[in-house]
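What follows is a short report on a single structure.
The values are calculated or read from the model by the stated rules, or taken from the named source; none is laboratory data. No experiment lies behind these values; they were computed from the predicted model shown. So basically every Cβ, Gly included, is an ideal-geometry build from the backbone, and we count neighbours across all protein chains shown.
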Amino acid sequence: MLKEITTVIKEKEEQTLRSIISIFKKNFSDFEIYKYKKGKLGDEFVITFKVDKKYYGNVIEKLAYNDIKIFRKDPEAKQIVEEVKRQKRKAAPVANSGWDSIRKKNKTISEEDLEEMAVDGKYKELLAVIKNSIQHPLDIVKKAKALLSDSIAIALNRSYSNATENKDQAKKEYKILLEIATDKQLKLNRLTKELKEAGYQLIELCVFYPDFFKNLIDIANNPNLHPTINIKAAVELGEKFLTGEEKYSGEIELAVKNLNTRWLNNTFEIAIKDLSNKEIETFKKLVDFIEKKRG
């Protein structure tokens, strides 16, 4: 059984992480790292990987002793990290206390709390900090802003990966992606790139699972999605319908009945700057195709 470890590190700390992994590989012939992934998080990096369950606790302990920040901790990891902190406190000299320590205690949210939110993909909690900026120190608000985009990317990638790796999770993750792609708070904060990326991943999921393909009609019709996503979904329908009419007869029947071509033609004028010449041609052919079917 494999268990996942998630760390947040500065660029210079990756060598320490790799050294720890190398030590385990040298000492244990069957030790392996699986699904090593690196993503950005503000001015730091999120690195996730999996190890065999029998090595999990030892790796967590070694990382903690080397001050590598570990996130998404399960009860076993939490217990190990707390024990390492306790041992290090015993060994360290007693720090001077004063007003600074009192201020720290009074902080409702720390930078590490923000990183925890970001790594968990809890971008809405970061947005809440930004929205209620008057309640938080300036450095905390700045950190929340710096982490927001990367936190959304983490949430998107995690949902898409979960959906494609486990079909039983696909419907749940589809709903999460749709929720992000239509999030009004993201629109208010002008996070257009993130809204589009969520929409692209929705479309990719519909292509990945044939059972989801008909959902492209809903995506094309959804006024809460970015216009580019509406048209890209329609283009995806067109690519399949125009080359495989018999194969997609059921989906074509649904599209003829439900696809809002009049609205899509208006939306097309907004989205055209994001489309290739081929996509423009496919979209126009799809609309003609559907309207001819309607008679």
Looking for something part of a helix (DSSP H, G or I), of a type in the set (A, V, I, L, M) and at pLDDT below 90 - is there at least one such residue anywhere in segment 47-60? no
Going through segment 273-286 in order, the residues found to be surrounded by 13 or more Cβ atoms within 10 Å (Cβ to Cβ), assigned to a helix (DSSP H, G or I) and either in contact (Cβ under 8 Å) with a residue 40 or more places away in the chain or out of contact with any helix residue (DSSP H, G or I) (no Cβ under 8 Å at 6 or more places or on another chain) (or both) are D274, E279, E281, T282, F283, K284, K285, L286
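Listed here are the residues, each with its yes/no results for (1) under 15 Å from the mean Cα position of the chain (by Cα); (2) surrounded by fewer than 18 Cβ atoms within 10 Å (Cβ to Cβ); (3) under 18 Å from N157 (Cβ atoms).
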site	(1), (2), (3)
Y174	yes, no, yes
L202	yes, no, yes
I217	no, no, no
E245	no, yes, no
Return yes or no: is D139 surrounded by fewer than 15 Cβ atoms within 10 Å (Cβ to Cβ) and modelled with pLDDT under 90? no
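Listed residues V256, V235; which is surrounded by fewer than 21 Cβ atoms within 10 Å (Cβ to Cβ) and of a type outside the set (D, E)? Steps first, answer last, please.
Values: V235 fails: surrounded by fewer than 21 Cβ atoms within 10 Å (Cβ to Cβ).
Selected residue: V256, the only one of V256, V235 that is surrounded by fewer than 21 Cβ atoms within 10 Å (Cβ to Cβ) and of a type outside the set (D, E).
Kindly check whether there is at least one residue in segment 29-39 that is under 23 Å from the mean Cα position of the chain (by Cα) and part of a helix (DSSP H, G or I). Steps first, please.
First, pick out the residues of segment 29-39 that are under 23 Å from the mean Cα position of the chain (by Cα): 33-39.
Restricting the remaining residues to those that are part of a helix (DSSP H, G or I) gives none.
No, every residue in segment 29-39 fails to be under 23 Å from the mean Cα position of the chain (by Cα) and part of a helix (DSSP H, G or I).
Out of segment 120-155, which residues are polar (S, T, N, Q) and either without any contact (Cβ under 8 Å) to a residue 60 or more places away in the chain or in contact with a Pro (Cβ under 8 Å, 6 or more places away or on another chain) (or both)? Write out each step before concluding.
First, pick out the residues of segment 120-155 that are polar (S, T, N, Q): 132-133, 135, 149, 151.
Listed by number, the residues that qualify are N132, S133, Q135, S149.
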